[in-house]
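To keep things clear, I will list the structure first and then write my remarks on it.
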Amino acid sequence: NTDIVIVSIFVNPAQFGPDEDYLSYPRQMQQDRLKAEKAGVDVIFTPEPGQMYPESYLTYVNVKKITRVLCGKARPGHFTGVATICAKLFNIIKPDTAFFGQKDAQQAMVIKRMVKDLNMDIEIEILPIVREKDGLAMSSRNKYLNAVQRKDALVLYRALAKAKDMIKNGERNAGTIINRIRQIIERVDSKIDYISIVDTGQLNSLQVISGEVLIALAVWIGKARLIDNIIIDTSEKSRE
């Protein structure tokens, strides 16, 4: 438990590519404030882009290797923006503990690596994915989905659930699991960005599943690029 809870709300321009949805990205400050107040948040930190990145700004944080795969491969420069804004937020707020969600699993791993490598005196806690009642991972970009696409988007969770069952039943060939995931997703009108099974240390692609693994998906449903994942420890139970 913490004595004071601070929530930062900031749509970070540094982590959006030139052709991405920075300008149209959902912003719901009033609803966010009400939700934060209801949750018992003490302070909301909502800086302006010009305050965080003035015209004279020159400094960025680059975490290597683990930012080149998964979402980093599809969105070059994205995690430099993520690491930079988190470093700035940590320096401004000076938290004892910072909380991130597992839905952005690669982001969480990048931040943990940055904190470790730069000797930041912060504890990073990763919280489980928050899902709708039907299993869809909550995301601001879900607002881009129409009724049909919203229903189609459930294939991400169904595909991960199937992968979990396959591993539970003894399947260890990553290629076999990826092919089954692809088959499930391709049942609906979608475009797969990636389906990856990697280790949770260096995010290296795996051919044979062993130890703790991350199964991660990025799929376009309409104009929404949705991500989801599950972490499975083959010696223990999975988490999502």
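Could you check Ile111 against (1) open to solvent by less than 50 Å² (accessible area, probe 1.4 Å); (2) not in a helix (DSSP H, G or I) and say which number it fails?
Among (1) open to solvent by less than 50 Å² (accessible area, probe 1.4 Å); (2) not in a helix (DSSP H, G or I), Ile111 violates only (2).
Give the residues of region 124-147 that are free of Cβ contacts under 8 Å to residues at least 12 places away in the same chain and not basic (Lys, Arg), sorted by residue number.
Here is the first cut: in region 124-147, the residues free of Cβ contacts under 8 Å to residues at least 12 places away in the same chain are 132-133, 147.
Listed by number, the residues that qualify are Glu132, Ala147.
Residue check: is Val82 open to solvent by less than 30 Å² (accessible area, probe 1.4 Å), β-branched (Val, Ile, Thr) and in contact with a helix residue (DSSP H, G or I) (Cβ under 6 Å, 6 or more places away or on another chain)?
On the way: open to solvent by less than 30 Å² (accessible area, probe 1.4 Å): yes; β-branched (Val, Ile, Thr): yes; in contact with a helix residue (DSSP H, G or I) (Cβ under 6 Å, 6 or more places away or on another chain): yes.
Spelling it out, Val82 is indeed open to solvent by less than 30 Å² (accessible area, probe 1.4 Å), β-branched (Val, Ile, Thr) and in contact with a helix residue (DSSP H, G or I) (Cβ under 6 Å, 6 or more places away or on another chain).
What number of residues within region 172-183 are assigned to a helix (DSSP H, G or I) and farther than 23 Å from Leu154 by Cβ?
Of region 172-183, the ones assigned to a helix (DSSP H, G or I) are 174-183.
Still in the list and also farther than 23 Å from Leu154 by Cβ: 174-175.
The total comes to 2.
Checking Ile66 against (1) among the aliphatic types (A, V, I, L, M); (2) more than 18 Å from Glu20 (Cβ to Cβ); (3) open to solvent by 40 Å² or more (accessible area, probe 1.4 Å), only one condition comes out false. Which one?
If we test Ile66 against (1) among the aliphatic types (A, V, I, L, M); (2) more than 18 Å from Glu20 (Cβ to Cβ); (3) open to solvent by 40 Å² or more (accessible area, probe 1.4 Å), just (3) comes out false.
Restricting attention to region 151-171, which residues are open to solvent by less than 80 Å² (accessible area, probe 1.4 Å) and part of a loop (DSSP other than H, G, I, E, B)?
Once the filter is applied, which keeps residues that are open to solvent by less than 80 Å² (accessible area, probe 1.4 Å) and part of a loop (DSSP other than H, G, I, E, B), region 151-171 yields Ala153, Leu154, Gly170, Glu171.
Find all pairs meeting these conditions: Cβ atoms under 6 angstrom apart; at least six residues apart or on different chains; first residue within region 214-240 and among the small types (Gly, Ala, Ser); second residue at pLDDT 95 or above and part of a loop (DSSP other than H, G, I, E, B).
From region 214-240, the pairs are Ala216/Leu70; Ala224/Leu145.
How many residues are touching a Ser or Thr at 6+ places or on another chain (Cβ under 8 Å), open to solvent by less than 50 Å² (accessible area, probe 1.4 Å) and not β-branched (Val, Ile, Thr) if we restrict to region 90-105?
Selection size over region 90-105: 1.
Here are the criteria: (1) open to solvent by 40 Å² or more (accessible area, probe 1.4 Å); (2) in contact with a Pro (Cβ under 7 Å, 6 or more places away or on another chain). Tell me which single one Ile122 does not satisfy.
Looking at each condition in turn, Ile122 falls short on (1).
With the requirement that a residue be open to solvent by less than 70 Å² (accessible area, probe 1.4 Å) and under 15 Å from Ile92 (Cα atoms), what does region 1-42 give you?
Val5, Val7, Ser8, Ile9, Phe10 - these are the residues of region 1-42 that are open to solvent by less than 70 Å² (accessible area, probe 1.4 Å) and under 15 Å from Ile92 (Cα atoms).
Name the single residue, out of those in region 137-150 being open to solvent by 80 Å² or more (accessible area, probe 1.4 Å) and under 21 Å from the mean Cα position of the chain (by Cα), that is farthest from Leu127 (Cα to Cα).
Checking each candidate, the answer is Lys143.
With the checklist (1) surrounded by 19 or more Cβ atoms within 10 Å (Cβ to Cβ); (2) part of a strand (DSSP E or B) in hand, flag the one item Gly72 doesn't pass.
Condition (2) is where Gly72 drops out.
The values are calculated or read from the model by the stated rules, or taken from the named source; none is laboratory data. What you see is a predicted model, and the numbers here were worked out from it, not measured in a lab. A quick note on method: Cβ atoms are made from the backbone with ideal geometry, for glycine too, and the neighbour counts reach across all protein chains shown. Remember, those area values only see protein heavy atoms, side chains included, never the ligands or the DNA or RNA. Shrake-Rupley method; radii C 1.70, N 1.55, O 1.52, S 1.80 Å.
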